[in-house]
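Enquirer: Here you go, one structure.
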Amino acid sequence: MSTDLTRLDAAVLAEKIHSREVSAVEVTEAHVQRIAEVDGALNAFLHVAGESALVTAKEVDSSLDAGNAPASALAGVPLALKDIFTTTDMPTTCASKILEGWVAPYDATLTVKLREAGIPILGKTNLDEFAMGSSTENSAYGPTRNPWDTTRIPGGSGGGSAAALASHQAPLAIGTDTGGSIRQPAAVTATVGTKPTYGTVSRFGLVACASSLDQGGPCARTVLDTALLHEVIAGHDPRDSTSIDVPVRPVVEAARQGATGDLKGVRVGVVKELHSDKYQAGVLSSFDAAVAQLTELGAEVVEVSCPSFDYALASYYLILPSEVSSNLARFDAMRYGLRVDEPGMSADQVMAATREAGFGPEVKRRIMIGTYALSAGYYDAYYGQALKVRSLIAQDFDRAYEQVDVLVSPTSPFTPWKLGEKVDDPLAMYLSDLCTLPTNLAGHCAMSVPSGLSEDDGLPVGLQILAPALADERLYRVGAAFEAARGPIGLPA
Ligand code: GLN
């Protein structure tokens, strides 16, 4: 019984729980047991909270037994939360030594929404330290392994959430996407993940990496499950000054419509700049097959050009570190977590020693790059130029969306690589983000949905679907139609 429940999708589990065919407690117990069985080999979780998840599950069961309507479409279905959202009942480490054991005094708005929706939180998932990385190897608590092949990376920074889904430790997960950290892990684990439009999911209580780019979002194994979670977490929040006060997009309806319908009348643009012979051959062939499938579904497919995308990487890797260098100044040994304090040290020395001991190499690298890019004399040449490129990218998108409804590209140029392969070569690591960065720079939305397994190595490939700001439902319509036409891929045992 218990192994069966971990194989089911969230929508199916919700239906069974709400019709009282199974209890939320049984579903949560099955997942807690699965975590105990498999996570030793994967390290997807930094903290498991079986007991508190069961308390939530019991509350859901009692409420349903009393005849109340479910608190949400996903009430009783458990979830894995990226360890960068604050939680008052579990540590929030951001996979950094500087926050080891730190328990936040307040819940993130997203955490509150999960609790109000009756979603048991199974625990906090591993990530690259402060969400900086593409492989989860920058975690201070050891890398997460890809369930498809445990010698390979699960993507990053949200590798823990993606690996938890792919290994059936959770049917739902939360990620954050600053430059691709939801979509690239989804692609390399054959799961689904959406970066919602910037400003539509609250950042209150999301520990900041780069505030103008960060966005929390839903992850699951199917497009419909992702949509159901999207509607739970989205919504205006007066506590986030960049939150947009608009109604939640109708993504569940779009996913249902997409799954049963065709794509007649939908205009799809293949981005020329995100299709290069430098990408892995098996990724390109899977992508080309996906585009053929979209055409078969009735979509009108054209090629579009966004020339400024060639500069997205350079722009992102100046803007992100600049914001990081400012945001991470708050870890000053006085207010949070770690404090290295020896007799006779001045306040400055305590601060320096704490940051030296508490931050890992990639975080330090980015703080230094950002500090340089913002320094007097270099500000215009680096940060200023990067902002200009950011505007050009938004203009290219606007022009493209005059012609088409959605854009498509591979999510990642590569299938999951071997652990250790790129750790000594930051530029090679950064290059894996080529296709995902433009969306964040423009504040738009995008999704990764599995396109299949690569013919060169049998590993997962993701199709990226992009849409303009506040048109998230388009992702779900196209994603669900594609998923239905593609058929099941299966997941590792
Ligand atoms: N891999 C990208 C980076 O290292 C994206 C990270 C993210 O989205 N959090 O910055």
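Enquirer: Condition check: touching a strand residue (DSSP E or B) at 6+ places or on another chain (Cβ under 7 Å) and more than 19 Å from Ile35 (Cβ to Cβ). Does Ala80 satisfy that?
Expert: For Ala80, the condition - touching a strand residue (DSSP E or B) at 6+ places or on another chain (Cβ under 7 Å) and more than 19 Å from Ile35 (Cβ to Cβ) - is not met.
Enquirer: If you go through the stretch 308-336, how many residues are more than 18 Å from Gln215 (Cβ to Cβ), in contact (Cβ under 8 Å) with a residue 40 or more places away in the chain and of a type in the set (A, V, I, L, M)?
Expert: 4
Enquirer: In this structure, does Pro70 turn out to be open to solvent by 10 Å² or more (accessible area, probe 1.4 Å), part of a loop (DSSP other than H, G, I, E, B) and within 18 Å of Glu26 (Cα to Cα)?
Expert: yes
Enquirer: Identify, by number, the condition in (1) open to solvent by 60 Å² or more (accessible area, probe 1.4 Å); (2) farther than 28 Å from Gln403 by Cβ; (3) within 16 Å of the ligand (Cβ to nearest atom) that Ala314 doesn't meet.
Expert: (2)
Enquirer: Only residues in the stretch 210-230 that are at positive phi count as the first member; pair them with residues that are among the small types (Gly, Ala, Ser) and open to solvent by 10 Å² or more (accessible area, probe 1.4 Å), Cβ under 8 angstrom, at least 6 apart or cross-chain, and list the lot.
Expert: none
Enquirer: Could I ask something else about it? I'm trying to understand the selection: among the residues of the stretch 113-158, which are touching a Pro at 6+ places or on another chain (Cβ under 8 Å), more than 14 Å from the ligand (Cβ to nearest atom) and open to solvent by less than 30 Å² (accessible area, probe 1.4 Å)?
Expert: The answer is Gly118, Ile119, Pro120, Ile121, Leu122, Lys124, Thr144, Asn146, Pro147.
Enquirer: Could you please tell me which pairs satisfy a Cβ distance under 7 Å, a separation of 6+ or placement on different chains, a first residue in the stretch 95-109 that is at positive phi, and a second residue that is assigned to a loop (DSSP other than H, G, I, E, B)?
Expert: Ala95/Asp83; Ala95/Asn126; Ala95/Leu127; Ala95/Asp128; Ala95/Ser139; Ala95/Ala140; Ala95/Tyr141; Gly101/Pro91
Enquirer: Give me the residue from the stretch 355-381 that is in a loop (DSSP other than H, G, I, E, B) and in contact (Cβ under 8 Å) with a residue 24 or more places away in the chain and, out of that set, most open to solvent (accessible area, probe 1.4 Å).
Expert: Here the answer is Leu374.
Enquirer: Report the residue count in the stretch 319-336 for those that are in contact with a Cys (Cβ under 9 Å, 6 or more places away or on another chain) and among the β-branched types (Val, Ile, Thr).
Expert: Result for the stretch 319-336: 1.
Enquirer: Sticking with this one: Quick one: which of Ala186, Ala170 is modelled with pLDDT of 95 or more, farther than 19 Å from Ile121 by Cβ, in contact with a helix residue (DSSP H, G or I) (Cβ under 9 Å, 6 or more places away or on another chain) and of a type in the set (A, V, I, L, M)?
Expert: Just a single option satisfies the conditions, and that option is Ala186.
Enquirer: Continuing with this model, one more query. Just checking, which of Asp405, Asp425 is within 16 Å of the ligand (Cβ to nearest atom), of a type in the set (Asp, Glu) and open to solvent by 10 Å² or more (accessible area, probe 1.4 Å)?
Expert: Residue meeting the stated conditions: Asp425.
Enquirer: Still on this structure, I have one more. In the stretch 452-486, how many residues are open to solvent by 20 Å² or more (accessible area, probe 1.4 Å), of a type in the set (Gly, Ala, Ser) and over 14 Å from Val251 (Cα atoms)?
Expert: Result for the stretch 452-486: 3.
Enquirer: Another question, if that's okay. Please tell me if Thr222 is within 23 Å of Gly452 (Cα to Cα), of a type in the set (Val, Ile, Thr) and under 20 Å from the mean Cα position of the chain (by Cα).
Expert: Yes, satisfied.
Enquirer: Filter the stretch 278-297 down to the residues that are open to solvent by 30 Å² or more (accessible area, probe 1.4 Å) and not aliphatic (A, V, I, L, M) and list them by number.
Expert: Scanning the stretch 278-297 gives Lys278, Gln280, Ser285, Asp288, Gln293, Thr295, Glu296.
Enquirer: Listed residues Leu122, Leu114; which is assigned to a strand (DSSP E or B) and hydrophobic (A, V, I, L, M, F, W, C)?
Expert: Only one candidate qualifies: Leu122.
Enquirer: Going by what's in this entry, would Val201 be described as β-branched (Val, Ile, Thr), more than 12 Å from the chain's Cα centre (by Cα) and at pLDDT 95 or above?
Expert: Answer is yes for this residue.
The values are calculated or read from the model by the stated rules, or taken from the named source; none is laboratory data. All values reported here derive from a predicted model rather than from experimental measurement. Please note: Cβ atoms are built from the backbone with ideal geometry, for glycine as well, and neighbour counts cover all protein chains shown. Note: areas computed on protein heavy atoms with side chains; ligands, DNA, RNA excluded. Shrake-Rupley method; radii C 1.70, N 1.55, O 1.52, S 1.80 Å.
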